[in-house]
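Notes for the one structure printed next.
Bear in mind that the values in this text are calculations on the coordinates, not laboratory data. Since the structure is predicted, the reported quantities are computational estimates derived from the model, not experimental observations. As a convention, Cβ positions derive from the backbone with ideal geometry for all residues, glycine included, and neighbour counts pool all protein chains shown.
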Amino acid sequence: MVPFGSGERIGFVVGLTAETTLRKVKAIRGVLDSHPSVTNKQMGLAFWMAEYYGTPLGIILRAMLPSFLSRVPKERVQLLDGSATELTSRQQRIVEFLEGKNGYSLDALRRKLGMGAIRSDLRSLVNNGVVKIKVEPPATPPVKTARIVKIHRWFEDLAELERLLGRAKRQFEAYQILASSGGNVELSHLVKQSGFSRGVVKELEKKGVVTIEEIEVDRDPFSDIPMSDKMKHTPTEDQATAIKTILELHKEGKGATALLHGVTGSGKTLVYVEVINKILEEGKGAIVLVPEISLTPQTVSRFRARFGDQVAVLHSALSEGERFDAWRQLKTGERSVAVGARSAVFAPVKNLGIIVVDEEHDATYKQNEAPRYQARDVAVVRAMREGAVCILGSATPSLESWHNREKGKFDYISLPDRVGGGSLPPVHTVDLRKELKNRKPGSGSSMVLSPVLKEAIGARIAKGEQTLLLLNRRGYSSFVQCLSCGGVENCTKCSISLTYHRNRGQMVCHHCGQSKKASAKCSSCSSSELSFKGVGTEQVERIVNETFPSIRVARMDVDTTSGKWSHQEILGRVERGEVDVLLGTQMISKGLDFPRVTLVGVINADVGMHLPDFRSSERTFQLLSQVAGRAGRGRLGGEVFIQTFLPEHYVLQSALKHDYIGFVRKEMSYRLNPTYPPLVRLINVVITSPDNECAADNIEMAIRFLAVASKRMSIADQVGVVGPAPCPIEKIQDRWRWHFLVRSASVSALNQLIGPLTKEFKTKGRDVRLIVDRDPSSLL
Ligand code: ADP
Ligand code: ZN
Ligand code: ZN
């Protein structure tokens, strides 16, 4: 805790020095944690990230640590006794408000007074001895406890107990249950599972038969997950080779990365598990990263099955306390396998031996707010620094990883076949142009469920098998156009159209979340001739229900999975066979392994293909390959139908043949001219402001700044600039957005430029924000 302006702040001690060139140094007020929160190795990684991503070290450390360790302390403003001298009217208002109150939280005070920033007023008040600001360190999350009922007095002779308890039969039964479980049972278990009332237990306590004790327990919401027996297989020959190769890399101990390229259903998880098992035997630890959406009980149970209580799950849906427990268990070495999403790359695993990044191509490994790190890349760097191995697993590796493999930076391990001789499912395209031509009047739904797809679904239903339907667009219609004036209803704050959500009866902006009541009339000309364009998942759900009235349909998209575990709940129903058709957005494409899914249908493969982003083809290919890979994973086999207006497009052609390498060749050639990653590296520089002109002026200034800086460093010939231009989405939340791309084949040139750009460049004007996004994942 250090003095900072008029208040105090929590700081991190990141190094020590005997001398300083600073003239005035203040003393530290207090030390909150006597053990270092980060190890030296983590600190090293933090310094690297701060430099590479051009992000302040404090922001990096905050991302590395459990949120409560870096929570902003609460500041309380307290009125002191004594008379106030000449106060400004603003200061007067603050003092009046505080009178008669025993201190007030600074945040609440600012909100209550509603007079904008009050820090400078408070500073003068502090200097004049009128108020003081006290900083309260954030409280540690309370340790969770459980109440245990223990037998205090054992009875050899049950007749004696009966005499003591009289006619209280339930008390007698409770004793018997306790005795048969070793004299020790959790109170909640007695109440919930065995159905005893609390009163029964209290009576037993009163009579001195039992005691009730409070004990500390670790919160682990995944502990109830049944263990999976899926991980008991003998590795196939290919798997065995992969395991051996990885262990050899590990043995070298120099830090290495291998790309594990295995088709869907090739058994990558078993490879991870076997390798981790060996590495744990050497007393080392492991981190497994999975995409957020794949962090399901199904996934966790595969690791639990093998490693039991050594597994700590880091999940954003956990409470702060639960996450802290998992973190602490890893830090003390009590648990040695961390399983989690993006931020688990920072897990404080002791003596790290391996990091696995599953589905390494997944876009969610990139964080889209500061610090804007790419967890896959951080994993590679961390493994290097700690002499561990990093395994990047995917059926459709990112072009970046493929490129690194071709350059010899990564080792390459391939699992070309599905386990058990299963083949990849045949994929058929359905040409929507033909469907459009042949469609009978009044059968609009045939563009959603073409006759072939409809028939295929019907056949599965008849056999009691399951179908997945993918459409990567939520809502009912992606926009609503007036047929009389041509107007489209747009968000008032963002430059995109509103999506119609029929169930909620609302028009919703998918960028800022703003919504309004849907109206039957055009808002500009009041015509009631409105056309609903762009089918979304809600509409597919309705059409499926109308076409097959007696089946059970589940929809999985952002709108149906807002609850903490709702996503898991839906998957549970699918697993238990309580769902005939699961439809949804890309959420349903990841990692699911359901043997009864024998049909996958893609309602419209072209959604997302035309986004103004150089990765849109790659993303579409990955999505189609992933979702196709959900079909036919069991003995029943399976097939895939992809509906599209672009059947000849190379993305579709490659997906049809499960031809990853063919796709990569084509796609790589398109990245040559103009050059895009992985053939060059990018920094996306974005300026936003409520004032469009101001944003545009600042982006020009940033470009000039960059030109001067690169000349000064004599790297001008190594960097190119694309832009400036308005961002593809010009306005979000009432802020205009301009950007340019800095492009270079030289990592070191970008390393040199990012510092000055983030630290020295000064924006001009009110409320201008600068975003510097290195290795951007999305350019929208
Ligand atoms: P991937 O992640 O590569 O798509 P999974 O790891 O989900 O594949 O494995 C697919 C299925 O194959 C799982 O049901 C798994 O239990 C099974 N499996 C994996 N390895 C073997 C093996 N050696 N023998 C039999 N079944 C296996
Ligand atoms: Zn109109
Ligand atoms: Zn909006």
Worksheet, complete the sentence: Amide H neighbours of residue 630 at under 5 Å, excluding residues fewer than 5 places away on the same chain, with H built from the backbone geometry, are none
Worksheet item: Based on the alpha-carbon gyration tensor of region 644-742 and its eigenvalue square roots a ≥ b ≥ c, which shape applies: rounded if a/c is under 1.5, prolate if not and a/b is larger than b/c, or oblate?
Response: oblate
Worksheet item: What list do you get for 381, 31, 708, 77 if you sort them by fewest beta carbons within 10 Å?
Response: 31, 708, 381, 77
Worksheet item: When the Cα centres of region 501-520 and region 256-314 are compared, how far apart do they sit, in Å?
Response: 41
Worksheet item: Using modelled amide H (1.01 Å from N, peptide plane; none on Pro or chain starts), what sits under 5 Å from the amide H of residue 641, excluding residues fewer than 5 places away?
Response: 428, 600, 601, 602
Worksheet item: What are the semi-axes of the equivalent ellipsoid for region 265-362, taken as the square roots of 5 times the Cα gyration tensor eigenvalues, largest first, in whole Å?
Response: 18, 17, 12
Item to complete: Please work out the ratio of the alpha-carbon Rg of region 148-194 to 2.2 N^0.38 Å and round it to two decimals.
Response: 1.12
Worksheet entry | For the chain, cysteines whose Cβ has no other cysteine Cβ within reach (under 4.7 Å) | 390, 512, 694, 727
Practice prompt. Could you tell me the convex hull volume per residue, in Å³, taken over the Cα atoms of region 467-604?
Written response: 120
Practice prompt. Calculate I(q)/I(0) for region 519-573 by the Debye formula, one identical point scatterer on each C-alpha and no solvent, and give its log10 at q = 0.18, 0.22, 0.27 Å⁻¹ to two decimals.
Written response: -0.78, -0.90, -1.05
Worksheet item: What net charge is computed for the residues neighbouring residue 545, neighbours being all others with C-beta under 12 Å from the C-beta of residue 545, Lys and Arg scored +1, Asp and Glu -1?
Response: -1
Practice prompt. Take every Cα pair under 8 Å in the chain that's 6+ residues apart, average their separations, divide by the length, and report that relative contact order as a whole percent.
Written response: 11
Discussion item. Over 5 Å intervals from 0, what percent of Cα-Cα pairs in region 543-612 sits in each interval?
Written reply: 3, 13, 24, 25, 19, 11, 4, 1, 0
Worksheet entry | Exposure proxy ranking, count of Cβ atoms within 10 Å, fewest first, for 703, 457 | 703, 457
Worksheet item: Would you list 670, 52, 500 from fewest to most Cβ contacts within 10 Å?
Response: 670, 52, 500
Item to complete: Quick one: net charge around residue 440, please, counting Lys, Arg +1 and Asp, Glu -1 for every other residue with C-beta under 15 Å from its C-beta.
Response: +3
Fill in: lysines whose Cα lies under 21 Å from that of residue 759, excluding same-chain neighbours fewer than 8 positions away
711
Worksheet item: Between the DSSP loop rule and a limit of at most 14 other Cβ atoms within 10 Å, which GluC sites (Glu not before Pro) in region 326-379 are left?
Response: 334, 369
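Rounded to the nearest angstrom and ordered from largest down, what semi-axes does the equivalent ellipsoid of region 306-435 get from its C-alpha gyration tensor (root of 5λ)?
32, 19, 17
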Worksheet item: Under the Kirkwood approximation applied to all pairs of distinct alpha-carbon atoms, what is the hydrodynamic radius of the chain in Å?
Response: 30.3
Item to complete: Indicate the gyration tensor shape class of region 406-519 (rounded, prolate or oblate), computed on the Cα atoms with a ≥ b ≥ c the square roots of the eigenvalues: a/c under 1.5 is rounded; otherwise a/b larger than b/c is prolate and the rest oblate.
Response: oblate
Practice prompt. At a Cα cut-off below 17 Å, give the lysines reachable from residue 206, other chains included and same-chain residues fewer than 8 away excluded.
Written response: 150, 169
Worksheet item: Based on the alpha-carbon gyration tensor of region 583-683, what equivalent-ellipsoid semi-axes (square roots of 5 times the eigenvalues) come out, in whole Å, largest first?
Response: 27, 13, 13
Response to the item:
A student applying the Cα gyration tensor rule (rounded when a/c is under 1.5; otherwise prolate if a/b is larger than b/c, oblate if not) would label region 291-337 oblate
Worksheet entry | Amide H contacts of residue 356 (H built 1.01 Å from N, under 5 Å, at least 5 apart or other chain) | 287, 288, 289, 391
Worksheet item: Could you state the number of Å between the C-alpha centres of region 675-735 and region 756-770?
Response: 12
Discussion item. Tell me the Rg and the Dmax, in Å, that the Cα atoms of region 474-537 produce.
Written reply: 10.7, 29
Practice prompt. Go through region 143-194 and name the GluC sites (Glu not before Pro) that are in a DSSP coil and have 13 or fewer other Cβ atoms within 10 Å of their Cβ.
Written response: 156
Worksheet item: Of the beta bridges DSSP finds with both residues in the chain, what % are antiparallel, to the nearest 5?
Response: 55
Discussion item. Checking the cross-link filter: which aspartates and glutamates have an alpha carbon closer than 19 Å to that of residue 251, excluding same-chain neighbours under 8 positions apart?
Written reply: 274, 281, 282, 386, 411
Worksheet, complete the sentence: Pairs over 28 Å Cα to Cα, from 516/762; 26/134; 41/74; 26/350; 493/521, come to 516/762; 41/74; 26/350
